[in-house]
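Engineer: Take a look at this one; I'll ask things after.
The values are calculated or read from the model by the stated rules, or taken from the named source; none is laboratory data. None of the values given here were measured: they were computed from a predicted structure. Using ideal geometry, Cβ is built from the backbone for each residue, glycine included, and neighbour counts are taken over all protein chains shown. Each accessible area value is taken on the protein alone, full model and side chains, heavy atoms only, with ligands, DNA and RNA left out. Shrake-Rupley method; radii C 1.70, N 1.55, O 1.52, S 1.80 Å.
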Amino acid sequence: MFDSQTYKERRRVLTEKLNSGLLFFPGNDESPINYSANTSAFRQDSSFLYYFGIDLPGFAAVIDVDSNTSTLYGTEFTMDDIIWMGPQPGLKALAEMSGLEQAEEFNKLSSILSEAVKSGRQVHFLPQYRGEHFIQLGEFLGINPIAVNNYASQQLVKAVIAQRSIKSSEEIEDIDKAVDIAYRMHTSAMKMIRPGLTEKKIAGMIEGIAISYGAGMSFRPIVSINGHILHNHSHDNEIKEGSLLVNDSGAETALHYASDITRTIPASGKFTTKQRDVYEIVLGAVMAATESVRPGITNKELHFLAAKTIVEGLSNIGLMKGDVETAVQQGAHALFFPHGLGHMLGLDVHDMEGLGENYVGYDDTVSRSDQFGLAYLRLAKALEPGYVFTIEPGIYFNPHLIQQWKTDNKFEEFINYEKTDEYIDFGGIRIEDNVLVTANGYRVLGKPIPKKVEEVEELASK
């Protein structure tokens, strides 16, 4: 945990944005895998972590805006718990660690919330994602569990997003640590790669590093020679001579701040000429977008800058043609770059996405597009100092998408479909860094992870 004052200050700032009522934050419980005593690794709810810091299952908290008090609800550990898990902090000790005024037994929570509803007080809560919380809130508040998220407080959602979006110095320090763990993961993968290994061997190795240096992976890793499948979680393929391995993976620190890094590695230790040409285009897009980061610029502008860099590069090697600006505005580049440039990063790898992606990445000044590719841009609004986000352009050759567009003669004025036949088995290339918006520009977080051609080849050929 951070110092208790950190959590007190976060709660103070939050309550100033709400007029009245109770703010209810349910913490997570254990999640059984196949029976109740066999559980997945525990992961606390990120907003509960942000405002209370208690990384244990079975707790909840209530902030009373009107009386300006905060209460922790939980169950005291029994001797049976201590026998199996060792000495555990009591409710009062946990409350003190979080800077909370008081702690109560969990069984009192139901009456507190029910009475608030009966007396006409508003109970604010965030959108839920776990089945037990839908049931719990349904019982506490007297609503249909299926409809719980219809009653989530938009006022609280917007207040939490506004606060969590700006990372403090201590948060940035922890994200730096998360990227440093990812450095070990990605450089180890570069050194390990060789034809004949399965993707699973590398995926297992990087997960071991994440566990040994932090709290594990920040998301299910994408370790794939089929890089054109954007979120390919299958790790069963054999790495073959001449193939490219996309390694999109990140770690969580002990405090659960995330990193999210992608590197693309030549299985044989050296890029072919064709692979190098495409790789350099993606690298150019990463650098162009990153070097343009500053407060006030929108991430949508950065996305278009990366897309233009990709179109220019693909035109130079004969895959695209025509006016670059028009091609990007009409979305022709999305055949090769069918996703957004990046997303917010913090306690969630797609930070606060569960609270509503349009609230996190959009505002009154920029609306979401329905254009293919651009519609997947998770972050589009203007950047502010303290934002941490990913920059992750890519070029992909998806045979199914290429065939569909080719059959439909889609954007034939911009795409050289005869040339795409030469790349049908290419796969994909993505490069991703984690970037902080500073007062005057940007900083790429963590220890620099090799991404220049020569740097990657040097490690991959060892």
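Engineer: State the percentage of accessible surface on the chain attributable to carbon and sulfur atoms; use a 1.4 Å probe and exclude ligands, DNA and RNA.
Structural biologist: On the chain, the fraction of accessible area on carbon and sulfur atoms equals 50 percent.
Engineer: Using the heavy atoms of the protein chains and a 1.4 angstrom probe, tell me the accessible area per residue for segment 375-462 in square angstrom.
Structural biologist: Each residue of segment 375-462 exposes 44 Å² on average to a 1.4 Å probe.
Engineer: What is the chain's relative contact order, in percent, from Cα pairs under 8 angstrom and six or more apart in sequence?
Structural biologist: 15 percent
Engineer: Also: Give me the number: length gained by fully extending Lys452 to Ser111, i.e. 0.36 nm times residue separation minus the C-alpha to C-alpha distance, one decimal in nm.
Structural biologist: So the chain would gain 116.8 nm between Lys452 and Ser111.
Engineer: Which order, highest average first, do 302-309, 405-412, 256-263, 340-347 follow once you tally other Cβ atoms within 10 Å for each residue and take the mean per peptide?
Structural biologist: With the highest mean Cβ count within 10 Å placed first, the list reads 256-263, 340-347, 302-309, 405-412.
Engineer: Something else about it: For Gly340, enumerate residues with amide H under 5 Å from its amide H, sequence gap 5+ or separate chain, H modeled in the peptide plane.
Structural biologist: Here Tyr376, Leu377, Arg378 satisfy the definition.
Engineer: Go from 0 up to the bin containing the longest alpha carbon distance in segment 409-462, width 10 Å each, and give me the % of pairs per bin.
Structural biologist: Spelled out bin by bin, segment 409-462 gives 16, 26, 25, 26, 6 percent.
Engineer: Let me ask something else. Under 5 Å between amide hydrogens, which residues at least 5 positions from Glu104 or on another chain qualify, with H placed 1.01 Å from N in the peptide plane?
Structural biologist: Leu72, Tyr73, Gly74
Engineer: Find the eigenvalues of the gyration tensor of the Cα atoms of segment 45-87, then list the square roots of 5 times those eigenvalues as equivalent ellipsoid semi-axes, largest first, in whole angstrom.
Structural biologist: Working from the Cα gyration tensor, I get semi-axes of 26, 13, 6 Å.
Engineer: Right, here's the next one. How big, on average over all directions, is the shadow cast by the Cα convex hull of segment 52-168, in nm²?
Structural biologist: Projected area, direction-averaged: 8.7 nm².
Engineer: If you don't mind, another one. Which pairs in the list Lys300/Lys321; Lys191/Lys406; Lys321/Lys462; Lys200/Lys419; Lys200/Lys308; Lys177/Lys274 are over 31 Å apart, alpha-carbon to alpha-carbon?
Structural biologist: Lys191/Lys406; Lys321/Lys462; Lys200/Lys419; Lys200/Lys308; Lys177/Lys274
Engineer: Next up: Stick to the Cα atoms of the chain, pair each with every other, and give me the Kirkwood hydrodynamic radius in Å at one decimal.
Structural biologist: Radius from the Kirkwood sum: 23.8 Å.
Engineer: Non-local amide H neighbours of Gly27 (under 5 Å, H modeled in plane, Pro and chain starts lacking H): which ones?
Structural biologist: Long-range HN contacts for Gly27: Phe59, Ala60, Ala61.
Engineer: When ranked by the protection proxy of mean other Cβ atoms within 10 Å per residue, highest first, what sequence do the peptides 113-123, 392-402 form?
Structural biologist: Highest mean packing first, the order is 392-402, 113-123.
Engineer: What are the ³J(HN,Hα) values, in whole Hz, obtained from phi via the Karplus relation 6.51 cos²θ - 1.76 cosθ + 1.60 with θ = phi - 60°, for each residue of segment 373-383 in sequence order, with x given for Gly and Pro?
Structural biologist: Calculated HN-Hα couplings, in order: x, 5, 4, 8, 6, 7, 10, 10, 6, 5, 7 Hz.
Engineer: Using only the Cα atoms of segment 264-412, each taken as one equal point scatterer with no solvent, compute I(q) by the Debye sum, divide by I(0), and report log10 of the ratio at q = 0.14 Å⁻¹.
Structural biologist: -0.72
Engineer: How many Å² of accessible area per residue for segment 290-371, probe 1.4 Å? Walk me through the intermediate numbers first.
Structural biologist: Details: 3070 Å² over 82 residues.
Each residue of segment 290-371 exposes 37 Å² on average to a 1.4 Å probe.
Engineer: If you wrap a convex hull around the Cα atoms of segment 375-440, how much volume per residue is inside, in Å³? Working shown, then result.
Structural biologist: Working: hull volume 8.8 nm³, N = 66.
Taking only Cα atoms, segment 375-440 has a hull volume of 134 Å³ per residue.
Engineer: Quick check: the angle from helix 131-141's long axis to the longest principal axis of the chain, C-alpha only, nearest 10 degrees?
Structural biologist: Computed tilt is about 40 degrees.
Engineer: Under the Karplus relation 6.51 cos²θ - 1.76 cosθ + 1.60, θ = phi - 60°, what is the ordered set of whole-Hz ³J(HN,Hα) values for segment 71-76, x standing for Gly and Pro?
Structural biologist: Listing the rounded values in order: 10, 8, 10, x, 10, 4 Hz.
Engineer: Moving to a separate point now. For segment 1-44 and segment 177-216, compute the distance between their C-alpha centroids and round to whole Å.
Structural biologist: Each part's Cα centre sits 30 Å from the other's.
Engineer: Taking θ = phi - 60°, what integer Hz values does the Karplus form 6.51 cos²θ - 1.76 cosθ + 1.60 yield along segment 408-418, in sequence order, with x for Gly and Pro?
Structural biologist: Here the 3J(HN,Hα) series is 7, 6, 6, 6, 5, 6, 10, 10, 8, 5, 5 Hz.
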